[in-house]
Amino acid sequence: MNMLIMGAPGAGKGTFSRLLREELNLNHISTGDIFRENISKGTPLGLEAKSYTEQGKLVPDSVTNKMVKDYLENLTDKKNGYLLDGYPRTIDQAKAFEEMTKGTDLAVDTVLVMDVPFEELTRRITGRRSCPKCGEIYNIYSNPPKVEGVCDHDGTALTQRKDDNEESLKTRLDEYSKNTEPVIGYYDEKGLVSHVDALGDKDEIWTRIKKVLNI
Ligand SMILES: [Zn+2]
């Protein structure tokens, strides 16, 4: 299965990507990981991407597209398929990706969309706190620590990521509506999209995902 996982920030893509990868033995990679790998290895594409990010500029689609393609072409176990998280993020990237993979064993066959109302995403993201010592993640609304503000395991003061505030989330959700929702529409027209209701507890959502994907 060659799958894309899509959904707004906070929709649970990371959690369910891990489960899908284990269940289906897929090559799972996020574009963030591909970027970091290219940059740390100093590949020509990595150096090019770095030259943009160092100037505070967005990496152009042409560079991102090429990195993803290189990654997929160099997989040692292509037959297992892949799960891409964070790509394509725009219609231009989606079209370029289709051009690159059309008629090959890298063509997308499934797009899983995690649906969560924006109000719920606000609670999930602005309520998120983590322990800087052990990495445990809490949510002050849905999964609070036993004692307010400190980690259950080691009593360390919990911290909030700088961009987990309402204003920054609004920017990210606007970007998602403007750029990524049209990508979902693009794949929908091709009949590749499966939506899953991503509200509820992890087991419930996982059961729904397995059902919509027939796995
Ligand atoms: Zn801790």
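The values are calculated or read from the model by the stated rules, or taken from the named source; none is laboratory data. What you are looking at is a predicted structure, and each value in this text was computed from that prediction instead of being measured. Ideal geometry is used to build each Cβ from the backbone, glycine not excepted, and the neighbour counts take in all protein chains shown. Each accessible area value is taken on the protein alone, full model and side chains, heavy atoms only, with ligands, DNA and RNA left out. Shrake-Rupley method; radii C 1.70, N 1.55, O 1.52, S 1.80 Å.
Considering only DSSP beta bridges whose two residues both sit in the chain, what percent are antiparallel, to the nearest 5?
Among the beta bridges of the chain, antiparallel pairing accounts for roughly 25 percent.
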Q) Roughly how many debye, to the nearest 20, is the charge dipole of segment 6-119 about its Cα centre, given +1 on each Lys and Arg Cβ, -1 on each Asp and Glu Cβ, and no other charges? A) 240 debye
(Q) To test your reading of the geometry: what angle, between 0 and 90 degrees and rounded to tens, separates the Cα axis of helix 166-175 from the longest principal axis of the chain? (A) 20 degrees
Q) Assigning unit charges at the beta carbon (Lys, Arg +1; Asp, Glu -1) and nothing else, what dipole magnitude in debye, to the nearest 20, does segment 50-95 show about its Cα centre? A) 60 debye
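According to the square roots a ≥ b ≥ c of the eigenvalues of the Cα gyration tensor, what is the shape class of segment 9-127, taking rounded for a/c under 1.5, prolate for a/b larger than b/c otherwise, and oblate for the remainder?
Here segment 9-127 falls in the oblate category.
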Q. HN-Hα J couplings of segment 191-202 from phi, Karplus 6.51/-1.76/1.60, θ = phi - 60°, integer Hz, Gly and Pro as x?
A. x, 9, 8, 10, 8, 10, 6, 9, 9, x, 8, 4
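Carbon-plus-sulfur fraction of the accessible area of segment 1-108, 1.4 Å probe, in percent?
Using a 1.4 Å probe with all protein chains present, segment 1-108 comes out at 49 percent carbon and sulfur.
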Q.
Compute the helix-to-body angle for 91-101: its Cα long axis versus the longest principal axis of the chain, expressed 0 to 90° and rounded to tens.
A. 50 degrees
**Q.** Where Rh is the Kirkwood radius over Cα pairs, Rg/Rh for the chain
**A.** 0.98
Q) For segment 114-189, what is the accessible area per residue in Å² when the probe is 1.4 Å? A) 63 Å²
Q. What net charge is computed for the residues neighbouring residue 208, neighbours being all others with C-beta under 12 Å from the C-beta of residue 208, Lys and Arg scored +1, Asp and Glu -1?
A. -2
Q: Starting from the amide H of residue 113, placed 1.01 Å from N in the peptide plane, find each other amide H under 5 Å away whose residue is 5 or more places distant or on another chain.
A: 6, 194, 195, 196
Q: First compute the accessible area of segment 109-154 with a 1.4 Å probe, then give the percent of it belonging to carbon and sulfur atoms.
A: 50 percent
(Q) For the chain, take the longest principal axis of its alpha carbons; what is the angle in degrees between that and the long axis of helix 13-24, to the nearest 10 within 0 to 90? (A) 60 degrees
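How much net charge surrounds residue 147 when only other residues with a Cβ under 14 Å from its Cβ are counted (Lys, Arg +1; Asp, Glu -1)?
Charge balance in the 14 Å sphere: -2.
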Q. In the chain, which longest range has no trypsin sites (Lys or Arg not before Pro) that are both DSSP loop (not H, G, I, E or B) and surrounded by at most 15 other Cβ atoms within 10 Å?
A. 1-56
Q.
Nothing charged except the Cβ atoms of Lys and Arg (+1) and of Asp and Glu (-1): what's the magnitude of the dipole of segment 96-215 about its Cα centre? Round to the nearest 20 debye.
A. 320 debye
(Q) Leaving out ligands and nucleic acids, and using a 1.4 Å probe, what accessible area per residue does segment 9-76 come to in Å²? (A) 56 Å²
